[in-house]
Every structure is written in structure tokens, then in C-alpha cells.
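Structure record follows, encoded as C-alpha cells.
All of the numbers you see were taken from the coordinates with simple rules; none came from a lab. From a predicted model like this one, the values you see are computed outputs, not experimental measurements. Please note: Cβ atoms are built from the backbone with ideal geometry, for glycine as well, and neighbour counts cover all protein chains shown.
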Ligand code: GLN
């Protein structure tokens, strides 16, 4: 059976995720309501702007149902702003920005200085035979990793891809480099 994967489509780069997942054979739904969320087996939370996404989650009355699904063990892939929303602790966030608190990491928003706000790098990922080309856009830095979190990739010494239970979070944009391996792994783990 094809997994039914939702892509949170309130804001940000959801379309590229949806295209890759479809290409990999998943059935993909754009998620904007609690009703839509209830019908999928797993979710991608894309990059964008975490403060805006937080506000839109609240307005769409998705915060609670999403939190419930996540705590019940739904598979989730969070990239960039999605990673920020899933983190237990956010540094340099807006005071009113919500955290779903699923992955025990501390992330600092926009941690890379203005000169290298956006950059690309080839990173080694646990289990991949060749490097993955990672695109970082105003990326968050992971400053602390709790004992339940496994680091799957680093850039320099900084963790940039982590897994915790059924959640995988990336500081970069895996949907932008024409490499489907990360999404394939996410689907394989469901
Ligand atoms: N800087 C953004 C934020 O704080 C994240 C950037 C991104 O998702 N590419 O949400």
C-alpha cells in the first residue's frame, strides 16, 4: 500500500517536497486543516518562516491536533523552519512562537551570520554512500542534542540532520538539491 503523506501547506516550500514524495510513489496531500491532518499517515513540515508558520498553525487550529498526532508517534520530517517548530527549545525565536517540543534539541534561529546566511555544502550522512548536497537558507543551528536524539549528519561540528523516534529533522533543505535519498529514507522508515 502506498503511504499517505501530508505536506503542511500553510506557508513556505511545501510544493517541492510534495513533488519528490509523489515521484517516490507516495500518495501526497497538502495539509491545511485538522480534518486533512487526520487522514494522513505521516507529515512533512517544510522550510519557510517558523514564526509565520506558528501563527498560521494557531489560526488554522492545527496546533493541538498536530501535537496529539506527533506525540502518538506519527512519522514526521521537519526541514529548517519545520525543524525549529519541532524542537524542544528555540533560541532567538519570537516570544509568542509555538514549539511542538517533539525533538529534544536546542536550535538557534538564523544562527549563521549575514555573510553566509545561505550556503551550500556537501555533507556525509549516516548510511549514504556518497555525500549529500545540502542547501542551507537562513538555517537554524543545533546547539544542544538530548540523549534521545541521534545525529545523522554534521556540517563541521554542528549537527544538521537528527532523528528522534519517528521524527527526522534537517537544518537544510533536502528538497532543493535534486537528491531524493533523504525523502526515500523517510518513507522507508514509516
Ligand atoms: N529563518 C527561518 C525561521 O526562523 C527558517 C529558514 C528556512 O526555513 N529556510 O523560521
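Observations
- Between residue 181 and residue 68, the modelled labels are 3.9 nm apart [label points 7 Å from Cα along Cα→Cβ].
- Spacing of the two label points (7 Å from each Cα toward its C-beta) at residue 91 and residue 61, in nm: 3.8 nm
- Judged by the mean number of other Cβ atoms found within 10 Å, the most tightly packed of the peptides 44-51, 59-66 leads the ranking 44-51, 59-66.
- From most to least packed by mean Cβ count within 10 Å, the peptides 72-84, 174-186 give 72-84, 174-186.
- Our estimate of slack between residue 129 and residue 16, defined as 0.36 nm per intervening residue step minus the Cα-Cα distance, is 38.3 nm.
- Here is the P(r) of the stretch 1-63: all C-alpha pair distances, binned every 10 Å from 0, give 25, 53, 20, 2 in whole percents.
- Cα-based shape type of the stretch 57-141, given that a ≥ b ≥ c are square roots of the gyration tensor eigenvalues and the cut on a/c is 1.5: oblate
- Stokes-Einstein D (µm²/s) once Rh is taken as the Kirkwood radius of the chain over alpha-carbon pairs, at 25 °C in 0.890 mPa s: 151 µm²/s
- Largest to smallest principal axis extent of the C-alpha atoms in the stretch 43-102, angstrom: 28, 21, 18
- Highest average first, the peptides 122-130, 87-95 ordered by how many other beta carbon atoms sit within 10 Å of their residues are 87-95, 122-130.
- For the stretch 1-114: rounded, prolate or oblate by the Cα gyration tensor [a/c cutoff 1.5]: prolate
- Whether the stretch 119-190 is rounded, prolate or oblate, judged on the alpha carbon gyration tensor where a/c under 1.5 counts as rounded: oblate
- The label-point distance for residue 189 and residue 143, in a model that sets each label 7 Å from Cα toward Cβ, rounds to 2.5 nm.
- Going from the fewest other Cβ atoms within 10 Å to the most, the residues 54, 164, 67 appear in the order 67, 164, 54.
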